[in-house]
Each structure stands twice: as C-alpha cells, then as structure tokens.
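Worksheet for the structure shown next.
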Amino acid sequence: MLIQLKDNITSDDKNQIIDKIAGLKYKSTEVKTQKGNYLVGIGKKDFDIRDVGHMRGIADIHIVSDDYKLVSRKWKVKPTVIDLGDGVTIEEGGMALMAGPCSIESEEQIEKTIAHLVENNIKIMRGGVYKPRSSPYSFRGLGIDGLKMWYNATRAAGIKIITEVMQVSQIEEMYDYVDVYQVGARNTQNFNLLDELGKVDKPVLIKRGISGTIEELLSSAEYVFSAGNENLMLCERGIRTYERASRNTMDINAIAILKEKSHLPVIADPSHGIGIRDFVEPVALACIMAGSDGVIYETHEKPEEAYSDGQQTLNFDESAKLISKMRKVFELREEM
Ligand code: PEP
Ligand code: MN
C-alpha cells in the first residue's frame, strides 16, 4: 500500500492512519522526499481501500503489489521528468543523449569532446573522474581536480555533466560540479551510497548491477527514493552471462520491462552493454526501438589512445553517424 499524505497533515491524523493500517497488519514507513510525504505500507498484497482512504490527511491511496513501491508505475499517473535546467530534460517519450569518454583524461580531451557534442547538439557529457577498475594498476581517474576542470569547460558551452560517484565521502565534494550523479554497476547495491544520494537534491542515474536482476535494480532505486530523492533514472548496461563473445549481454528485454514496471526514465548504455566498438551502433538503435528514453555511450577523439574502455569507444565520426541514426530511429518510433 502507498499513501500520499497531504502537506499540511497533523501528527495526530498521521498517527491515526498508522494505527489504522497497523490494525490491517501493515508495517508502515514514513517517507519524506523533496517533493512529497508518503506512508509505505508493507503487508498483505490486497486491502479494501475504503477502510483507509477516507481518513483525514490523505491526498491519495494506492494498492501497489510490487515489493518496491515508490518507483512502481502502479501508483504514479505522470512519469518522472528530470529537469537539468536550460531546457535539458530526461523523460518518458524523449531521447536524452549523453556522450563522452569513459574517463576524463585532460583539458585538451575535454575541449575536443565538447566541440564534438556542440557540433551535434548533444547537451549532456559523460565521463568518469573516479573510475572503478577491475585492476588496481589501471587508470583510476583524475579525481576532483579533473571534475573541476571539466566543469569549468562545460559551463561556457551549456553542457551538463553526468559522472560516477563511487563512495559516500565524494558526494559533497562533487556536488557543485555535477548535474547527474551516476551510480556504477559495481555500486548498485552499495546501500549506504544509495541512502546518502537520497539526501541530495540532484538527479541520480542508477546502473544495473553486473549480475543484478531487474527487481534488484528497482529496489536500489527504491532506496534512493525512500531516502528522499525522487529525481532518478534507471540504466541498463548489460549483465554478465555465460556468453563470452561480448563483454556483457545487453538485456534489451529489460528496457521494455523496466518501462512497464516503473515511472522512472530508462536509459540504455550500449557501450558497456556489448563492449565492442563495431556493434555499439546496432545495439543503441535496438534499445531506442525497445523504448529507452535515452542513450549514454562512450566517444573519444582517438579511441585507440583512450585511458580506459577504448575497445568499445566510438571515434567522433562514428559518434556523429550514430547520433544521426539514433535521431532517425527515434522519429520512426514516434510515428509508430
Ligand atoms: C562507466 O560508465 O564508464 C562505467 C564504469 O560503467 P559501469 O558501471 O556500467 O561498468
Ligand atoms: Mn567505461
């Protein structure tokens, strides 16, 4: 059960509701987000809405049978819209494009990438300054100084930044320089990190865990929402299967399923999804047809020289071709 409380509810009225639903064998948790005030009731899957719905202080009440509640589509009429300012939004039925290198490497690389994005009318730049690497000897990112340099370069160009936050202590130092915090696949179930991102008033993109289920991804998003932040989006980036011909197996099914299960925007990451430069394009196009609300992918002036993930990174020519094809496929989807 999910109850939307009125903003001006009195504590007496709230306690009466909590007692009432406890009597119906629901354990309730109060959730206060930056946008609303909710009671999440966990208990039997069904109840008679008339038993509770009339009580004072209730704005709306919903039966949500999913284990995750707040991120479920079952109660929210209007899908979540993420507004990054300056007319840049990420939302259902849109096609938010986010492109950039795997890692931020240098001022020159930043400038060249921005020029490429501006030329192709891309408003959101991706890149890592804190890199989760399988080997401790690989490049691990330029850190906060790299982020500040990157931030200064993007503002003049009107480009927004999405970048990965790896641990709780980084949230605050990054705050002034990011537009979207990215939670990487290796951190999807870092529940402390998710809790803390719930307290931040900036959007969060949560990637699917390396061997995470769709349900687990939704539960991770539920952590952030229930800790206070509704500005969320989900990202399918491929999962580890028995298949070794590709880096990961891009689960295009998940895009359609997530769209059906949740009101949050769903973004596809074909670069990590397949991990092979030549096949990023067809997978990206397929994800758009499957209903994704955006695509995030890796591009670099010279992928052969990239500090990380060069094997799955498009050069700027390939990237420009992909952008134009994605726009065509998106138009086709809209016509259908
Ligand atoms: C990345 O975006 O560069 C990255 C490390 O992604 P993931 O967490 O999906 O592996
Ligand atoms: Mn990468």
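The values are calculated or read from the model by the stated rules, or taken from the named source; none is laboratory data. Model, not experiment: these values are computed from the prediction. With ideal geometry, Cβ positions are generated from the backbone for all residues, glycine too; neighbour counts draw on all protein chains shown.
Just a few scattered comments:
- Scanning the stretch 182-236 for residues that are within 12 Å of ligand 1 (Cβ to nearest atom), touching an Asp or Glu at 6+ places or on another chain (Cβ under 8 Å) and among the charged types (D, E, K, R) returns Lys207, Arg208, Glu236.
- Some residue of the stretch 267-289 being under 15 Å from the mean Cα position of the chain (by Cα) and away from ligand 1 (no atom under 14 Å from the Cβ): no
- Of all residues in the stretch 246-265, exactly one satisfies the criterion of being within 23 Å of Lys131 (Cα to Cα) and outside any loop (DSSP other than H, G, I, E, B), namely Thr249.
- Consider the stretch 49-73 and keep the residues that are touching a residue at least 40 places away in the same chain (Cβ under 8 Å) and among the basic types (Lys, Arg). The one that is farthest from Arg333 (Cα to Cα) is Arg56.
- Here Ile171 fulfils each of the conditions (1) closer than 30 Å to Phe330 by Cβ; (2) more than 15 Å from ligand 1 (Cβ to nearest atom) apart from (1).
- The listed residues are Lys131, Lys76, Lys69, and the only one of them that is within 16 Å of ligand 1 (Cβ to nearest atom), crowded, with 17+ Cβ neighbours inside 10 Å, part of a loop (DSSP other than H, G, I, E, B) and of a type in the set (Lys, Arg) turns out to be Lys131.
- Taken together, the residues in the stretch 291-336 that are part of a loop (DSSP other than H, G, I, E, B) and buried (at least 19 other Cβ atoms within 10 Å of the Cβ) amount to 8.
- Of Asp251, Asp309, Asp278, all but one fail to be of a type in the set (Asp, Glu), under 17 Å from Met98 (Cβ atoms) and either in contact with a strand residue (DSSP E or B) (Cβ under 9 Å, 6 or more places away or on another chain) or free of Cβ contacts under 8 Å to residues at least 40 places away in the same chain (or both); the exception is Asp309.
- Residues (over 25 Å from Thr89 (Cβ atoms) and within 16 Å of ligand 1 (Cβ to nearest atom)) located in the stretch 294-331: His300, Pro303, Ala306, Tyr307, Ser308, Asp309, Gly310, Gln311, Gln312, Thr313
- Criterion applied to Ile114, Ile104, Ile82 was being surrounded by 16 or more Cβ atoms within 10 Å (Cβ to Cβ) and either within 16 Å of ligand 1 (Cβ to nearest atom) or without any contact (Cβ under 8 Å) to a residue 12 or more places away in the chain (or both), and the one residue passing it is Ile104.
- When Ser262, Ser271 are checked against the criterion of being in contact (Cβ under 8 Å) with a residue 12 or more places away in the chain, outside the structural domain of Asn37 (by TED's automatic domain parsing), farther than 26 Å from Glu335 by Cβ and touching a Phe, Trp or Tyr at 6+ places or on another chain (Cβ under 9 Å), Ser271 stands alone in meeting it.
Listed here are the residues, each with its yes/no results for (1) buried (at least 19 other Cβ atoms within 10 Å of the Cβ); (2) of a type outside the set (S, T, N, Q); (3) outside any helix (DSSP H, G or I).
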residue: Asp19; (1), (2), (3): no, yes, no
residue: Lys25; (1), (2), (3): no, yes, yes
residue: Val31; (1), (2), (3): yes, yes, yes
residue: Lys35; (1), (2), (3): no, yes, yes
residue: Gly53; (1), (2), (3): no, yes, yes
residue: Arg56; (1), (2), (3): no, yes, yes
residue: Ile61; (1), (2), (3): yes, yes, yes
